[in-house]
Every structure is written in C-alpha cells, then in structure tokens.
Amino acid sequence: MSETATGVELLGLGDDALIASQRLAEWVSRAPTLEEDVALANIALDQLGAARMLLAAVGDEDELAYRRDDHGFRNCLLAELPLGPGRGDLDFGWTMSWLLMLSAAQLLRYTDLAAGSDEQAAAIGAKAVKESTYHLDHATQWMLRLGGGTEESHRRVQQGLDGLWPYGHELTEGIRDRWLAIVEPVLAEAGLTRPADRWRPDGGRAGRHTEHLSYLLAEMQSLHRAHPGAQW
Amino acid sequence: MSETATGVELLGLGDDALIASQRLAEWVSRAPTLEEDVALANIALDQLGAARMLLAAVGDEDELAYRRDDHGFRNCLLAELPLGPGRGDLDFGWTMSWLLMLSAAQLLRYTDLAAGSDEQAAAIGAKAVKESTYHLDHATQWMLRLGGGTEESHRRVQQGLDGLWPYGHELTEGIRDRWLAIVEPVLAEAGLTRPADRWRPDGGRAGRHTEHLSYLLAEMQSLHRAHPGAQW
Amino acid sequence: LDGEASFEAVIAADQKIEPRDAMPDAYRAGLIRQIAQHAHSEIIGMQPEGNWISRAPSLRRKAILLAKVQDEAGHGLYLYAAAETLGVSRAELDTALLTGRQKYSSIFNYPTLSWADVGAIGWLVDGAAIVNQVPLCRCSYGPYARAMIRVCKEESFHQRQGYQSLYVLAQGTPEQRAMAQDAVDRWWYPSLAMFGPPDADSTHSAQSMAWKVKRFSNDELRQRFVDMCVPQAEILGVTLPDPDLKWNEERGHYDYTSPDFEELMRVVKGDGPCNRQRLAHRNRAHEEGAWVREAAAAYAEKNRKVKA
Amino acid sequence: LDGEASFEAVIAADQKIEPRDAMPDAYRAGLIRQIAQHAHSEIIGMQPEGNWISRAPSLRRKAILLAKVQDEAGHGLYLYAAAETLGVSRAELDTALLTGRQKYSSIFNYPTLSWADVGAIGWLVDGAAIVNQVPLCRCSYGPYARAMIRVCKEESFHQRQGYQSLYVLAQGTPEQRAMAQDAVDRWWYPSLAMFGPPDADSTHSAQSMAWKVKRFSNDELRQRFVDMCVPQAEILGVTLPDPDLKWNEERGHYDYTSPDFEELMRVVKGDGPCNRQRLAHRNRAHEEGAWVREAAAAYAEKNRKVKA
C-alpha cells in the first residue's frame, strides 16, 4: 500500500459503499416514481460495485461482507443510519440529504484516491469518481426540488438534513472545508438552512457503531451464515 | 404421544406461541400507554413460556427455535404476519384484532390439550388455558374500546380485522364453529363488521409460509447462528 | 385508401403499424390492455425478486439481482412509453394498476420463499416470458415490437443468470440442493400457467392472431416451453414435479400434466397467496411518494414561470 | 405544632412524611424532580435493553430479558404513582419527559452494541442503581421509600441475572469472552458516572441530606460501588478498564480513576451517543399511540354517560 491509500482507508471506503448500497436498496420498488426507482437502484449498484473493488483490494469480498460482526466494520456512522427518522423508515427527504452528504464526501475521497501513487487504488478511484459525480448531481437536483417545491417538501428535507448533519463530522474528517465548499452552496440554492455544528458523533471508523448496524447485518448476513462454507 | 396430542400438534402450537411472542415483543417500549406496555410484554412472556414448554415436549427448545429455516416451522400464517398493514409496521388496531383471533384459538386448543390423555401435554394445556383466558379478555376489552371509541379507532380496528380475517381459516381448522362462537359476539358488541369468508390462505402447518417469516427468523436467529455451538 | 383498408394492407404485408397510422378501435384497445398488463407485470415483478436483494448470499449475486430488478423497472418504463403512443396517459395506466382494474401477470402473486426462488424465477418464469415474448418482437405494432426486442434481449440474459444461479445450488450442499428442488416444485406449474388458459377456453386469441399481435396459441407456446425445460432440468439435476412428463415419439413433443387452471383463475381473480400484499405494497409506495411528486411538479412550475 | 415544626419533628424522629403531611415547598419540588427523573429513567431504560429481546441467543435468556424490561415498565408505574402523591399529574410528568424538560439517567444514552451489554448493564448499571437506591428505601418520604423497597428487591434479582449472564460469556468461547470484555470496557466509566458529579461540585446534596432524602454523598456511594465490583470482576475473569485501580490499605478502599465528568456533562446536556434517538423513540411511541388513548377515553366517556 502506498502512503496515500492505506488498507485502513480502503476498508473504510469499501464499508461505506457496501452499507450505503444495502440502505439504498431498501428503496427498490418503493420509490416515489418509476424513474426514481431506476435511479436509486442504479446508485445502489454503483455503490455495490465500488464496495466490491475496494474490499477485494484488501481481502476476500464475501468474507469481509458476510463474516464480520458489526464491530469489525469500519464504515462511518452516516452510512448505516436508517433513511428516515427511525428504524425501518424510508423518507425521501432524509434519503436525498443523506445522499448529498455521502456522495460529496465520496467524490472527494475517490478523487484523492485517483491521484495517489497506488495504481490499483488509483484505478478504483478514477472509476468511482465518475459515479460519485452522478450521485452528487442526482442528490443536488432533488435538494433543489424538495427545498424549493412545497412547504411540506421543504419541511421534510430540512428535517432530514438536521437529523443527519451531525454525522457529517465523522464523514468528512480531513476534508471538511472542501466538503462544505460543495454542500453549502447546494443548501443555499435550495433555500435550506445549513444546520449548526454542535454534536459530533463518531466511532464508526474504530468499529463502534450505532444500534442500527447490527440489525442491518443480521438481515444481510442471514442466508450466508445459515450455510457455512457453501458456494453461491 | 396420545391420540389427542401428537408431536405434530404440539410443535404447531409451540411454533404459534414462539412466533407470536416474537411479534408481540416488537411492542416493547412502543405501546400507547405504559400500562399497555406492561400488558403486552406480559402476554409476550406468556406466549414464550408456553412455547418453551411445548417445544421442550417435542425436542430441544433452542435447537428448534434457532436452527430451523422457515420451512421447518409449523406455525399458522397468522402468527407470523406483521402487526400492521406492511412489513415493519406496528398498528394497535391490527394487533388487537390479531390477538383476539389468536388467543380465542389458543384457548380452544389448550382446553383440548388439557382434556387429553397425554399427561405432560395436559399439564401444559392446563397452565396455558389460564393465560389464554386473560389474553382473550385483554383483546376483547380493547376491541370494545376501539370499535366503540372514535371514528378513527373504529376504522383502524376494522381495517386490521379485514386484513387478518382470511388467515383465521387456517388458524381454526377443526375448531371453527367453537371459535366463531367466541369471536363473533365480541365483534357484534364492538359494533364491528364480521368480514366475509372468501380467501383462505394456508400452508403454515406444512412449512409453506409467507415472505414475512424468514425476515423474522433472520433477526431472531442472527446472534445464535453467528456463534455455532456456544452456550448462553 | 381509407384508414381501414390501409391498416389491413400493412398487416397483410407484414409491415408495422405506427402510432399515427389509422387502426381499428379494438386493435388499439387490445394493444393498450396487453402492453399495460405487460408493463404492470414488470413493476409488480420487482417485489418478489426484490425480496431477496438484502439477503443475497454473495456480493456478486447481490449485484446481479439488483441489476435485474433495475432492468425490470426499465422495462416497465419502455412499455409504458409504448402504451402511451396509443393515446393513453401514464397517470391512467398507474391508476388502472393501483385500483386493480388492469391485471398483471399472476405469477407474481406467488411468494419468494427462499434464495433458490430467485434462480427458479430466472430459469422458469423468465424462460416462459421469453417464449411468450419472442414472437411479440414481430408484432404488428411498431413501438411494442421494438420495445420487445430490447426487453427480450435483457430477459435472455436474466434467464441465463437465473439458470446458472440455480445450477450452482443444484450442485451444492444437500441443503442447497433441497432448496433448489423445492423452488422448482413450487414454480413449475405457475410457470406453465403463464401461457394462459388452454386454447379451447381462450378468448382474445383469434382476433389477436389475425392482427398479428399474437402469433402462436397458448398451448403451442406452453408445449414449446415444456420441450425447452426438460433437457435443461436434466442438466441441472432437478426433477420437474410431474410424474407423467415423458417424451411422445409420435408427437415429437413431451407429454405433460396441465397446470391447475382453476387455481389460475382463483389467482387471476385476486385470491393468490400474495395478490393483496403486492397491490398494497404498490399503493403504499404510490401514496408515500405523493409529496415528492407534488414537490417536483411545484418546483418545475415555479421554474417555468421564472423562465417565461 | 405548625406545619414546618411538625415536618422537622418527623424528620428528626426518622419517621415518614406522608402525602397529606405539611412539607416545605422545596422538599416537595425536590422530591418530585427526583422521583420523576427516576421514573423517566425506568421508561427510557427499556429501550437499550429492549434492543436485544428480538435477538436473545436462547429462549431462556429471551424470557429473562423480556421479564426484566417488563419490570422496568412496572417500576416506572410505581414511581409515577409515588410522584403523583406529591400533587403532580401523570400528564405533566409525561410532557416533562417528552419535551426534555426533565432528565432521565444519562446512562441510557449509551448504545447497547452486543448481547454482552445486556449482562454488563445488569451487573454494572443495575449494580450502581442498587447502591444508589438502597439508601432511598429509608428516605423520609413514605411513598417513595416504599416504592424503592419493591424496586430494589427486583433490581437485585436483575443484577444477579445480569452477572450470571455475563459470567457465562466470560467463561465461553473466545468470541464470547471478547464480547464480555468489550462490554465491560464500554460500561465501566458510564456506570461510575451514574453517582453524579464529585461531592465538591454537587449542588442539591446538602439540603437533601438534611431532609433525609439522600443519605450518602456521591463519592461515598461511588467508592462503595467500586469496592463491590472489583472482587466480582475477578470472579468473572474480566478486567476493569482502569490501570490505576488498586487496593489502598490505608484507606481500606480501592483507589480508582474518576470518570470523565466533562463527558458526563456533555451527555446530560443532550450530546451523548443516543440522547436524540431515545427521546425521538419515546415521542414517536407517544404520538402513534394518541389515537388509541383518545379512543379509550371516548369509550369510557360514552359508558359513563350510559350509566349515568
């Protein structure tokens, strides 16, 4: 591993993408429009594709995805949060706030990866940069529509943003200024209030997660774990 | 096993109680009042207690609870349904309709068990009859309150009843007349419409379940399966 | 040439009717019904397969399944667009699905109970769909025929993936083999029923044939499907759940037991294992998305005014 | 005797103040605050432990955990009833919790991340609660003292069960042992913090002592807890995460590292890992139950009228 792309970084980014993909896939067959169903599935697929490349760069993708307990995962907390105010909820306003925050950070991380000296990591980064650019654009367009749409949509997307914002600190460690330079103008154009910085939950990168992750993993790993050693 | 209490029957009743307990426990810390939180936890505990006695009568309780896939379970479909209109929902109107239907059937099954010639089964039945009587009374009181409370409560409990009623056919196989004699007067007093009999989904007793059961089991079994052979 | 004569001439010449061409009202109405039902089937079909995305047992299989379900949404989009060329609006089509006025393929009213169902659906359900749909690529209505070319191409890909996924299970651990066999046992007859009632009882078929919308009878297609599946099942090493299935030298086809058409009619009429669940799921997604669609419309309207 | 003198006489005689007795406003207000906070803690405490009911690894452990969480709801009920004897209504207490105006024990703002947390909470959190609460069984306010006798009895039972559950893990597989140690590492300092700020910084204590509500200082109780835990940890075979923990022959107590009181203050002020989640959960349950409570009230009202 080069100095710009350590195994720890790749694992963190890979786990972010894997868990984000699992969350996004909850939207399948539930999106507000059929076009959005296609778009969200597509973003989930991109996240899964990036996760597979990143995890394969540090180990066996299935061993990593299916055999670790939650404290073995290194994703930031934002990735694992429910896409709505509580467990099991799916709220489109929360989801777009989440995607804006996540994809802006992923774009920066992948850009740095692409510019690094580790060839394999750079190739992964270069591919993922293009996808993140699209994800960020998709989230941006929706933030504008929801922020500037109806009173209800404004209220709901602001609520999601307020709920998720604190998790942005861990997400953007080391890239915060560059990240704010992407996100703040979107919020301003959407007429949304940029939440204040106060609470800064973290721990994901060290394997200390929220209560949500172990539920997500229980479902994701259930079939694989029920058949130890089987091939699929 | 005597002719009145075969292992198959005990397993079916045990699985009904186990899965019902798992569903009811979803209410913990979410009930409409603190008193109801206590009551629902109590009913969940009774169901779990009955399940443990019934399963222990036919095998190892933990082996049966944690190591079978969904097609190994013999509970009726009603027991595994979400306690609301969709997966992950908790609706008190659905829950009370469900508890009325379930506990009336359990009361009859346990009464028959108590009267049978198999001593172990009869002892289990005798204990469980008392508990089912309380569960049925609890559900009945709420059906009256919800059916006769507000327009909204009437609408919601009727909706739950309509959604769950078809699953009552499998639930009451062989005891339908006696079951209707308990349930219909409650619905009449509550001012609720007794749904028509048309669709009769079944399969649970043969191990063909709904899509819901495998999710419930994935969560229930996750920790146990992650540590094969461990003692707890 | 008047409209009717011109329509008949195009049909006779095996050429395509295009949206602006004259066409009989019954041709238009029949096509709208058929294309809409097909589109609705893609949309509802996302549910049974989507049910296993979160639990797919390897990341590779998860990606394949997610891509497949995404393709189904995409097929729904092309097919709705094809139906719209016949003068029906997307909103009307949505409402027809949500209220149950228009049907979708009854196969999606069966539950997916194990991971093997994903493979069995790929092999049998997509397989049956392809047998049904390949002739539609030559259908007389241009937009539908062109949509079907793209759909069939992707479905063939899905079918191969499903077959391959099931093959791995059928060669796997005893539990995996049992899972594969159980899935085939449950999906075989519902797949046969996908070709519709027997020719003797089939209503719309004769006119459809004359108009070159439909080109083979239900029973012809069903036979083609059976003949295709038997050798594939042998390679897989699974048993098709029909003790009377055997080669008939004289007919040059496999004899087989027909599906239970009474069951099919019960499911069509709403009493399959998952009809209520599938429609409730779709309605709920629609209702919960209402505020988003309203916001998008309001935003577009504001921007239109600003630009005007 | 006037009210104040009579109150002081009862306190001096180590007898109980009862609801109808005269009492200073500050005594009343202080007790309401303390009992309410205690009740709220029981209610919010249902969440972190309830988090593992669905996944308990054996049916026996599931039953024990479900019964424990049910007991917490029951404790909440007795304690609210005790608070009501001081002239505050249940609705006021509910609102105070839901709006965050009254606090609950900060310990419940930490997440339960593994099954071992259930055992660690039983051993350490219930253990600390008992050390805090046993003296309250002799508290000068009768209804609170009596409620605490029952609560303490049940909590001791829970504490033994938690200890036993953790013991099994600590003697189990390497993964179970690691899980147990990790839980102890995470719960030790938050449990020490349950005794409140150091005596030097503690506000309400002096008056509370004089009124025989509180009988020992925060630091006295914290020391008692540490002294109790060290030998228990040795039997368990887990390491308490404090390298400076050692017996002080001179003091006759263990020396230990104080918890991070700045962290405690952050959590008290709302910025612990789960403050928002716990309060949002409670508010949501309250909102979603509104239609049920309204129905019950409407039904009771109708029945009252019928009978009248």
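The conditions are (1) within 9 Å of another protein chain (Cβ to nearest Cβ); (2) farther than 30 Å from B:Pro166 by Cβ, and C:Arg284 fails exactly one of them. Which is it?
C:Arg284 satisfies all of (1) within 9 Å of another protein chain (Cβ to nearest Cβ); (2) farther than 30 Å from B:Pro166 by Cβ except (2).
Quick check on D:Gly289: is it touching a residue at least 24 places away in the same chain (Cβ under 8 Å) and small (Gly, Ala, Ser)?
Numbers: touching a residue at least 24 places away in the same chain (Cβ under 8 Å): no; small (Gly, Ala, Ser): yes.
No; evaluated as a whole, the condition is false for this residue.
Only one of these conditions is not met by B:Leu13: (1) buried (at least 24 other Cβ atoms within 10 Å of the Cβ); (2) within 14 Å of chain D (Cβ to nearest Cβ). Which number is it?
(2)
Could you pull out every one of the helices (runs of 4 or more DSSP H) wholly within segment C:70-175 that has 1 or more residues that are in contact (Cβ under 8 Å) with a residue 24 or more places away in the chain and more than 12 Å from the chain's Cα centre (by Cα)?
So the answer is C:90-98, C:115-120, C:142-170.
Conditions first: (1) of a type in the set (Phe, Trp, Tyr); (2) out of contact with any Ser or Thr (no Cβ under 7 Å at 6 or more places or on another chain); (3) open to solvent by 10 Å² or more (accessible area, probe 1.4 Å); (4) closer than 26 Å to D:Ala290 by Cβ. D:Tyr80 passes all but one, so which condition is the exception?
Exception for D:Tyr80: condition (3).
Somewhere in segment A:133-144, is a residue open to solvent by less than 10 Å² (accessible area, probe 1.4 Å) and farther than 25 Å from A:Gly14 by Cβ?
Yes, some residue in segment A:133-144 is open to solvent by less than 10 Å² (accessible area, probe 1.4 Å) and farther than 25 Å from A:Gly14 by Cβ.
Which residues, counting only those in segment D:107-125, are surrounded by 24 or more Cβ atoms within 10 Å (Cβ to Cβ) and either of a type in the set (Lys, Arg) or within 18 Å of D:Asn218 (Cα to Cα) (or both)?
Within segment D:107-125, D:Leu124, D:Val125 meet the criteria.
Take the residues of segment A:47-57 that are more than 9 Å from every other protein chain (Cβ to nearest Cβ) and surrounded by 23 or more Cβ atoms within 10 Å (Cβ to Cβ): which is farthest from the chain's Cα centre (by Cα)?
Ranking the candidates gives A:Leu54 first.
Scan segment B:164-175 and give yes if some residue there is more than 14 Å from chain D (Cβ to nearest Cβ), closer than 13 Å to B:Met101 by Cβ, not in a helix (DSSP H, G or I) and not basic (Lys, Arg), otherwise no.
Yes - at least one qualifying residue is present in segment B:164-175.
Which condition does C:Glu301 not pass, out of (1) under 29 Å from C:Ile43 (Cβ atoms); (2) open to solvent by 40 Å² or more (accessible area, probe 1.4 Å); (3) in contact (Cβ under 8 Å) with a residue 12 or more places away in the chain; (4) not in a loop (DSSP other than H, G, I, E, B), if it passes all the others?
C:Glu301 satisfies all of (1) under 29 Å from C:Ile43 (Cβ atoms); (2) open to solvent by 40 Å² or more (accessible area, probe 1.4 Å); (3) in contact (Cβ under 8 Å) with a residue 12 or more places away in the chain; (4) not in a loop (DSSP other than H, G, I, E, B) except (3).
Would you point out which residue out of A:Thr6, A:Thr33, A:Thr111 is surrounded by fewer than 20 Cβ atoms within 10 Å (Cβ to Cβ), touching a helix residue (DSSP H, G or I) at 6+ places or on another chain (Cβ under 9 Å), away from chain C (no Cβ under 14 Å) and without any contact (Cβ under 8 Å) to a residue 40 or more places away in the chain?
A:Thr111
Does A:Gly116 satisfy the condition of being over 27 Å from D:Arg276 (Cα atoms) and touching a residue at least 40 places away in the same chain (Cβ under 8 Å)?
Here the answer is yes, as A:Gly116 does meet what is asked.
Which condition number does D:Ala298 fail, the rest of (1) facing chain B (nearest Cβ under 7 Å); (2) within 21 Å of B:Asp89 (Cβ to Cβ) being met?
(2) is the only condition that D:Ala298 fails.
Among the residues of segment D:206-232, write down those that are crowded, with 18+ Cβ neighbours inside 10 Å, among the aliphatic types (A, V, I, L, M) and modelled with pLDDT of 95 or more.
D:Leu221, D:Val226
Yes/no matrix, rows are residues, columns are (1) of a type in the set (Ser, Thr, Tyr); (2) modelled with pLDDT under 95; (3) open to solvent by less than 20 Å² (accessible area, probe 1.4 Å):
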position	(1), (2), (3)
A:Val183	no, no, yes
A:Thr193	yes, no, no
A:Asp202	no, no, no
A:Gly207	no, no, yes
A:Ala230	no, no, yes
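Please go through segment C:215-232 and pick out each residue that is of a type outside the set (D, E, K, R) and touching a residue at least 12 places away in the same chain (Cβ under 8 Å).
Matches in segment C:215-232: C:Phe216, C:Ser217, C:Asn218, C:Leu221, C:Gln223, C:Phe225, C:Val226, C:Met228, C:Cys229, C:Val230, C:Gln232.
Take segment D:1-31 and flag every residue that is open to solvent by 30 Å² or more (accessible area, probe 1.4 Å) and either charged (D, E, K, R) or under 22 Å from D:Ala129 (Cβ atoms) (or both).
Matches in segment D:1-31: D:Asp2, D:Glu4, D:Glu8, D:Asp14, D:Lys16, D:Glu18, D:Arg20, D:Asp21, D:Asp25, D:Arg28.
Assess whether C:Ala170 counts as being among the aliphatic types (A, V, I, L, M) and within 14 Å of chain A (Cβ to nearest Cβ).
So C:Ala170 fits the description; yes.
All but one of (1) surrounded by fewer than 14 Cβ atoms within 10 Å (Cβ to Cβ); (2) in contact (Cβ under 8 Å) with a residue 60 or more places away in the chain; (3) among the basic types (Lys, Arg) hold for D:Arg282, so report the exception by its number.
So the condition that D:Arg282 fails would be (1).
With touching a residue at least 60 places away in the same chain (Cβ under 8 Å), in a helix (DSSP H, G or I) and either among the aliphatic types (A, V, I, L, M) or surrounded by fewer than 18 Cβ atoms within 10 Å (Cβ to Cβ) (or both) as the only criterion, which of D:Ala178, D:Ala183 stands out?
Answer to the selection: D:Ala183.
Can you tell me which residues in segment D:18-54 are assigned to a helix (DSSP H, G or I) and touching an Asp or Glu at 6+ places or on another chain (Cβ under 6 Å)?
Those that are assigned to a helix (DSSP H, G or I) and touching an Asp or Glu at 6+ places or on another chain (Cβ under 6 Å): D:Glu42, D:Gly45, D:Met46, D:Ser54.
Within segment C:186-203, track down each residue that is part of a loop (DSSP other than H, G, I, E, B), at negative phi and either touching a residue at least 40 places away in the same chain (Cβ under 8 Å) or open to solvent by less than 40 Å² (accessible area, probe 1.4 Å) (or both). I'd like the intermediate steps shown before the answer.
Initial filter on segment C:186-203 (part of a loop (DSSP other than H, G, I, E, B)): C:194-198, C:202-203.
Now narrow it down to the ones that are at negative phi: C:194-195, C:197-198, C:202-203.
Correct list: C:Met194, C:Phe195, C:Pro197, C:Pro198, C:Ser202.
So which residues in segment C:239-279 are among the hydrophobic types (A, V, I, L, M, F, W, C), open to solvent by less than 30 Å² (accessible area, probe 1.4 Å) and not in a helix (DSSP H, G or I), if there are any at all?
C:Leu240, C:Cys274
When you scan segment C:251-264, how many residues do you find that are under 22 Å from the mean Cα position of the chain (by Cα) and without any contact (Cβ under 8 Å) to a residue 24 or more places away in the chain?
Here the count works out to 1.
Identify, from the list C:Arg150, C:Arg90, C:Arg101, C:Arg146, the residue that is open to solvent by 20 Å² or more (accessible area, probe 1.4 Å) and either within 13 Å of chain A (Cβ to nearest Cβ) or among the small types (Gly, Ala, Ser) (or both). Before the answer, list the steps.
Values: C:Arg150 fails: either within 13 Å of chain A (Cβ to nearest Cβ) or among the small types (Gly, Ala, Ser) (or both); C:Arg101 fails: either within 13 Å of chain A (Cβ to nearest Cβ) or among the small types (Gly, Ala, Ser) (or both); C:Arg146 fails: either within 13 Å of chain A (Cβ to nearest Cβ) or among the small types (Gly, Ala, Ser) (or both).
Answer to the check: C:Arg90.
Just to verify a result, which residue in segment C:23-69, among those that are among the small types (Gly, Ala, Ser) and free of Cβ contacts under 8 Å to residues at least 40 places away in the same chain, is farthest from A:Leu48 (Cα to Cα)? I'd like the intermediate steps shown before the answer.
Step one: filter segment C:23-69 for residues among the small types (Gly, Ala, Ser), giving C:26, C:29-30, C:36, C:39, C:41, C:45, C:50, C:54, C:56, C:58, C:63, C:67.
Retained after the next criterion (residues that are free of Cβ contacts under 8 Å to residues at least 40 places away in the same chain): C:29, C:50, C:54, C:58, C:63, C:67.
Details: C:Ala29: 42, C:Gly50: 16, C:Ser54: 12, C:Ser58: 11, C:Ala63: 7, C:Ala67: 11 Å.
Across segment C:23-69, the extreme among qualifying residues is C:Ala29.
Just to be sure before I move on: is A:Arg198 basic (Lys, Arg), away from every other protein chain (no Cβ under 11 Å), open to solvent by 10 Å² or more (accessible area, probe 1.4 Å) and out of contact with any strand residue (DSSP E or B) (no Cβ under 9 Å at 6 or more places or on another chain) in the structure I sent?
Spelling it out, it is not the case that A:Arg198 is basic (Lys, Arg), away from every other protein chain (no Cβ under 11 Å), open to solvent by 10 Å² or more (accessible area, probe 1.4 Å) and out of contact with any strand residue (DSSP E or B) (no Cβ under 9 Å at 6 or more places or on another chain).
The values are calculated or read from the model by the stated rules, or taken from the named source; none is laboratory data. Note that this is a predicted model, so its numbers are computed, not measured. Using ideal geometry, Cβ is built from the backbone for each residue, glycine included, and neighbour counts are taken over all protein chains shown. Side chains included, ligands, DNA and RNA excluded: accessible areas come from the protein's heavy atoms. Shrake-Rupley method; radii C 1.70, N 1.55, O 1.52, S 1.80 Å.
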